[in-house]
Amino acid sequence: MATNTMRAIRLHEHGGPDVLHYDEVPVPDPGPGEVLVRVHAVGVNPPDWYLRDGMSNLPPETRPAFDLPVVPGTDMSGVVEAVGADVDGFSVGDEVFGLLRFPSFDGHTYAEYVAAPASDLALKPAGIDHVQAAAVPMSGLTAWQFLIEVGHDHPSPFQAAKHRPVPLGPDVTVLVNGAAGGVGHLALQLAKWKGARVIAVASGRHESFLRGLGADEFIDYTRGRPEDLVHDVDLVLDTVGGSESNRFLRTLARGGALFPVFFGEFEEEETAELGVTVSGAQVRSNGAQLAELGRLLDAGAIRVAIDSTFPLEDARAAHERAAQGHIQGKIVLTVAQGTRRFSDA
């Protein structure tokens, strides 16, 4: 019996980049509400290496369930090859991009083909290629849902209150920590699009890049601590997080807000004393919001930067690059467009 097969990266165990294996697996069948996408490029994101190492850095109550072996990945750009039942708005041949099924780990985008929920997809902007499009979904939607509109009513596993973005405009100053990374460089541009004044924090090697994206002020964290240099900021978007995120509380004006994209450690007494708010969101797949980002990309209002690209079969090298840090934009896997293989089952 002949079976359609494809190549994909799979995890059979947890560990370092060497546990990423290039396997031959069945091509998925799209179910109701899904389309089959021939993948051209895959965005590499932190949840990919969280899954790879067993999600040991996430609180146990927030860890999604999954079984091994598993194909990692959430972001992709490609071409619709088949359309499942009950799908409107997409046809065979459409170029699409999306963040698939997040916050679950069922995106399975490190592959030549993927079955994708139509609601998670948007038409790829005509003005950018598949590599650029694959770099956008998770980072772009994170920036959008933190800064512009949450777009869903799902409670966050990290806080009881619903996240509310700060209205942005000419009278608002936003500090973006980790501004050169995937979320940071898109958040900087979205804040500028809304008219805000933006202070970018990154290492000195990124200064010209970030000023080119519109940063009004740049702080090289290797030469000075932002909390000693900046005060009366209205909003801090901290894409780095961690145990030192609370140091940015001192940069805020009373009534200001700190949005940690990753976990931070904060004391309610300190935030109350300073008169500031700490809030975050759980980014979720959203095709409609991705379409809004696509329009901005097509219009040139924002652009996505590519740090580096690697062939799908070299996913290990891509993860090794991510582990080095100091990423400018996004890392992307490229998928060769060969013929579909057949094997006897």
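Would you confirm whether any residue within the stretch 48-66 is within 25 Å of residue 125 (Cα to Cα) and in the same structural domain as residue 17 (by TED's automatic domain parsing)? Break it down into steps so the answer makes sense when it comes.
Taking the stretch 48-66 as the starting set, the residues that turn out to be within 25 Å of residue 125 (Cα to Cα) are 48.
So of that shortlist, the ones also in the same structural domain as residue 17 (by TED's automatic domain parsing) come out as 48.
Yes, that holds for at least one residue.
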Exercise. Of (1) over 18 Å from the mean Cα position of the chain (by Cα); (2) under 19 Å from residue 263 (Cβ atoms), residue 143 satisfies all except one. Which?
Worked result: (1)
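Give the residue, chosen from 95, 112, that is crowded, with 17+ Cβ neighbours inside 10 Å, touching a residue at least 60 places away in the same chain (Cβ under 8 Å), farther than 28 Å from residue 232 by Cβ and touching a strand residue (DSSP E or B) at 6+ places or on another chain (Cβ under 7 Å).
On the way: 95 fails: touching a residue at least 60 places away in the same chain (Cβ under 8 Å).
The unique qualifying residue is 112.
A quick yes/no check of all residues on (1) closer than 23 Å to residue 307 by Cα; (2) in contact with a strand residue (DSSP E or B) (Cβ under 8 Å, 6 or more places away or on another chain); (3) touching a residue at least 40 places away in the same chain (Cβ under 8 Å):
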| position | (1), (2), (3) |
| --- | --- |
| 140 | yes, no, yes |
| 154 | no, no, yes |
| 158 | no, no, yes |
| 166 | no, yes, yes |
| 173 | no, yes, yes |
| 176 | yes, yes, yes |
| 198 | yes, yes, no |
| 205 | yes, no, yes |
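Among the residues of the stretch 314-330, are any touching a strand residue (DSSP E or B) at 6+ places or on another chain (Cβ under 7 Å), over 28 Å from residue 105 (Cα atoms) and among the charged types (D, E, K, R)?
Here is the first cut: in the stretch 314-330, the residues touching a strand residue (DSSP E or B) at 6+ places or on another chain (Cβ under 7 Å) are 315-319, 321-322, 327-330.
If we keep only those that are over 28 Å from residue 105 (Cα atoms) as well, we get none.
No, because not a single residue in the stretch 314-330 is touching a strand residue (DSSP E or B) at 6+ places or on another chain (Cβ under 7 Å), over 28 Å from residue 105 (Cα atoms) and among the charged types (D, E, K, R).
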Exercise. Taking the stretch 7-28, which residues are over 18 Å from residue 105 (Cα atoms) and either charged (D, E, K, R) or outside the structural domain of residue 314 (by TED's automatic domain parsing) (or both)?
Worked result: 7, 18, 23, 24
Problem set entry | When residues of the stretch 183-232 are limited to those that are part of a loop (DSSP other than H, G, I, E, B) and of a type in the set (A, V, I, L, M), the one farthest from the chain's Cα centre (by Cα) | 230
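Considering each of 213, 121, 147, 175 in turn, give the residue that is touching a Gly at 6+ places or on another chain (Cβ under 9 Å) and at negative phi.
Values: 213 fails: touching a Gly at 6+ places or on another chain (Cβ under 9 Å); 147 fails: touching a Gly at 6+ places or on another chain (Cβ under 9 Å); 175 fails: touching a Gly at 6+ places or on another chain (Cβ under 9 Å).
When all the criteria are applied, what remains is 121.
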For this session: Look at the stretch 67-111 and say how many of its residues are among the hydroxyl-bearing types (Ser, Thr, Tyr) and over 14 Å from residue 123 (Cα atoms).
Result: 4
Seminar exercise, completed: Considering residues that are under 21 Å from the mean Cα position of the chain (by Cα), of a type in the set (D, E, K, R) and more than 20 Å from residue 141 (Cα to Cα), the number found within the stretch 28-86 is 4
Exercise. What are the residues in the stretch 254-264 that are over 11 Å from residue 174 (Cα atoms) and more than 22 Å from the chain's Cα centre (by Cα), if any?
Worked result: 254, 255
Exercise. Of all the residues that make up the stretch 250-292, how many are hydrophobic (A, V, I, L, M, F, W, C) and either touching a Cys at 6+ places or on another chain (Cβ under 8 Å) or not in a strand (DSSP E or B) (or both)?
Worked result: 12
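In the stretch 117-137, how many are outside any helix (DSSP H, G or I) and either within 12 Å of residue 295 (Cα to Cα) or out of contact with any Phe, Trp or Tyr (no Cβ under 8 Å at 6 or more places or on another chain) (or both)?
Kept after step one, since they are outside any helix (DSSP H, G or I), are these residues of the stretch 117-137: 117, 121-129, 135-136.
Remaining after also requiring either within 12 Å of residue 295 (Cα to Cα) or out of contact with any Phe, Trp or Tyr (no Cβ under 8 Å at 6 or more places or on another chain) (or both): 117, 122-129, 135.
Residues that pass the stated criteria total 10.
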For this session: Give me the pairs, please: first residue somewhere in the stretch 18-30 and over 15 Å from residue 112 (Cβ atoms) and touching a residue at least 12 places away in the same chain (Cβ under 8 Å), second residue anywhere and among the polar types (S, T, N, Q) and surrounded by 13 or more Cβ atoms within 10 Å (Cβ to Cβ), beta-carbon distance under 6 Å, and either six or more positions apart or on two chains.
Result: none
Exercise. Which of the residues that make up the stretch 221-234 are within 15 Å of residue 206 (Cβ to Cβ) and either surrounded by 15 or more Cβ atoms within 10 Å (Cβ to Cβ) or touching a Leu at 6+ places or on another chain (Cβ under 8 Å) (or both)?
Worked result: 221, 226
Problem set entry | Of all residues in the stretch 235-249 being buried (at least 21 other Cβ atoms within 10 Å of the Cβ) and assigned to a strand (DSSP E or B), the one that is farthest from the chain's Cα centre (by Cα) | 235
Exercise. Before we move on, is residue 192 more than 30 Å from residue 269 (Cβ to Cβ) and free of Cβ contacts under 8 Å to residues at least 24 places away in the same chain?
Worked result: yes
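The values are calculated or read from the model by the stated rules, or taken from the named source; none is laboratory data. Not measured: the values here are computed from a predicted model. Every residue, glycine among them, receives a Cβ derived from its backbone with ideal geometry; neighbour counts consider all protein chains shown.
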